[in-house]
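Chemist: Please see the structure below; I have some questions.
The values are calculated or read from the model by the stated rules, or taken from the named source; none is laboratory data. Since we're looking at a predicted model, the values are computed, not measured. Virtual Cβ from ideal backbone geometry, glycine too; neighbours counted across all protein chains shown.
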Amino acid sequence: MIEFRGVSKRFPDGTLAVEEFDFTLPSRKTTVFVGSSGCGKTTLLRMINRMVEPSSGQVLIDGEDVAGQDKVKLRRRIGYVLQASGLLPHRKVVDNVATVPVLNGVPKAKARADALELLDKVGLDRSLAQRYPRQLSGGQQQRVGVARALASDPNILLMDEPFGAVDPIVRADLQVELNRLQRELGKTIVFVTHDIDEAFVLADQVVILRKGGAIAQAGTPAEILAAPADDFVASFIGADKGKRHLQLQQREGDGGLTLVVDGDGRPVGVLEDGERRPGAAAS
Ligand SMILES: Nc1ncnc2c1ncn2[C@@H]1O[C@H](COP(=O)(O)OP(=O)(O)OP(=O)(O)O)[C@@H](O)[C@H]1O
């Protein structure tokens, strides 16, 4: 469990990036922070592994304030995936994945063997292990980034727009893969994106943020879609409608209910008004 208690961050130039943020992220679930550029998503994420220190308030992991924990040790037990995969360019894929375990004292041969298994896990062929990052596609690099973040078997995985730089088809593949991995691994994932569709696909819990890290609404994707808290949320979740591919689906067994389902066929809401046209686009 990760708790933010009254957390604020003012940068030295006076920018108030986050103001009095209170929120609890449950263990073994995916929580997605979503909001427009500059609303404080990355700052919140980085306060978890102390890459940014709060100006006031506390961040606790399983009840322990991170402020009292050794930064290096803390970061080695929290996986971190960035948009630019952050791979070391002069190291082969296998060694990129094995880096943190080796730093943690795992013998090299064991760390490399484990790295190959992690490549399997993230859906990469082992033949890619001997390549350098520049010899991989963007999507493959991001998978290596995920494998590397998982290498020290962290309970927590921080993901900052990890799929932001790849094309939409690869991005959708990576999202499906992350959901599959999460079902298998059950990590506490904190995922940052400005893409509300991505948030709805990945999240157990979505936190829609306004400027200053103010929570506009938090809830499951279905809760938010069914009852946006205000006009800000309504327009935020509607803004990308053209890309979301929501569909209507009529369920015979459910008294003719018309469900709104996402691209993976997951129900995200029930249509109460309007014409019932099975298979028609929701927009
Ligand atoms: N080191 C810094 N010094 C001064 N201001 C900063 C610093 N880092 C971030 N900020 C400011 O704090 C605010 C929040 O930034 P943050 O990076 O957390 O936003 P974000 O929601 O992640 O944005 P994006 O989606 O563009 O990455 C912004 O106004 C940003 O300009």
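One line per residue, one yes/no per condition, for (1) surrounded by 15 or more Cβ atoms within 10 Å (Cβ to Cβ); (2) assigned to a helix (DSSP H, G or I):
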site: V81; (1), (2): yes, no
site: T99; (1), (2): yes, yes
site: K110; (1), (2): no, yes
site: D120; (1), (2): no, yes
site: G123; (1), (2): yes, no
site: A129; (1), (2): yes, yes
site: R134; (1), (2): no, yes
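Chemist: Testing P89 on (1) surrounded by fewer than 16 Cβ atoms within 10 Å (Cβ to Cβ); (2) over 22 Å from D22 (Cα atoms); (3) at pLDDT 95 or above, one condition comes back false. Which one is that?
Modeler: (3)
Chemist: Of these, D195, D153, which one is free of Cβ contacts under 8 Å to residues at least 60 places away in the same chain and surrounded by fewer than 24 Cβ atoms within 10 Å (Cβ to Cβ)?
Modeler: After ruling out the rest, the residue left standing is D153.
Chemist: Got a sec? Which of V94, V144, V106 is more than 16 Å from the ligand (Cβ to nearest atom), farther than 30 Å from S8 by Cβ and in contact (Cβ under 8 Å) with a residue 40 or more places away in the chain?
Modeler: V144
Chemist: Another one. Is it the case, given these coordinates, that L74 is within 16 Å of the ligand (Cβ to nearest atom), aliphatic (A, V, I, L, M) and either on the phi < 0 side of the Ramachandran plot or in contact with a Leu (Cβ under 6 Å, 6 or more places away or on another chain) (or both)?
Modeler: no
Chemist: Ok, one more. Going through segment 13-23 one residue at a time, which ones are without any contact (Cβ under 8 Å) to a residue 24 or more places away in the chain and either within 7 Å of the ligand (Cβ to nearest atom) or in contact with a strand residue (DSSP E or B) (Cβ under 9 Å, 6 or more places away or on another chain) (or both)?
Modeler: Result: D13, T15, D22.
Chemist: Given V146, V72, which one is of a type in the set (V, I, T), under 24 Å from V34 (Cβ atoms) and part of a helix (DSSP H, G or I)?
Modeler: The unique qualifying residue is V146.
Chemist: May I pose another question? Residue by residue through segment 24-59, note down the ones that are on the phi > 0 side of the Ramachandran plot and more than 11 Å from the ligand (Cβ to nearest atom).
Modeler: Within segment 24-59, R28, R50, G57 qualify.
Chemist: Regarding D95, is this residue surrounded by fewer than 16 Cβ atoms within 10 Å (Cβ to Cβ) and among the acidic types (D, E)?
Modeler: On the way: surrounded by fewer than 16 Cβ atoms within 10 Å (Cβ to Cβ): no; among the acidic types (D, E): yes.
In short, no.
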